[in-house]
Amino acid sequence: MKDDLNAMFEPGQIVRHPSQPDWGKGQVQSNINGKLTVMFEQVGKIVIDSRRVALLAVFE
């Protein structure tokens, strides 16, 4: 998918949502056909549409 802004993310990687900092860090659960399932610390499991949101990688 050419518009997949999160194509590089794999399960286990840690990310943040750029416009929802209060969600905390999230761990990628899956990345299938431009849909990322991420488990965030503060809000739980969220499905992200990669055509609309580019997540931020967290390096610690």
Within the range 1-44, the residues that are on the phi > 0 side of the Ramachandran plot, under 11 Å from the mean Cα position of the chain (by Cα) and either β-branched (Val, Ile, Thr) or at pLDDT 95 or above (or both) are Gly12
Residue hits (the range 1-25; in contact with a Leu (Cβ under 8 Å, 6 or more places away or on another chain) and either of a type in the set (Val, Ile, Thr) or farther than 10 Å from Leu55 by Cα (or both)) are Val15
Looking across the range 1-40 at residues that are more than 14 Å from Val58 (Cα to Cα) and basic (Lys, Arg), the single one that is surrounded by the most Cβ atoms within 10 Å (Cβ to Cβ) is Lys35
Scanning the range 42-58 for residues that are loosely packed, with under 12 Cβ neighbours inside 10 Å and part of a loop (DSSP other than H, G, I, E, B) gives Gln42, Arg52
Cβ pairs under 9 Å, 6+ apart or interchain, first in the range 21-43 and of a type in the set (Gly, Ala, Ser), second surrounded by 15 or more Cβ atoms within 10 Å (Cβ to Cβ) and not in a strand (DSSP E or B), ordered by first then second residue, are Gly26/His17; Gly26/Leu55; Gly34/Asp4; Gly34/Leu5; Gly34/Asn6; Gly34/Ser50
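The values are calculated or read from the model by the stated rules, or taken from the named source; none is laboratory data. The structure displayed is predicted, hence computed values, not measured ones. For neighbour counting, all protein chains shown are included, and Cβ atoms are generated from backbone atoms with ideal geometry for every residue, glycine included.
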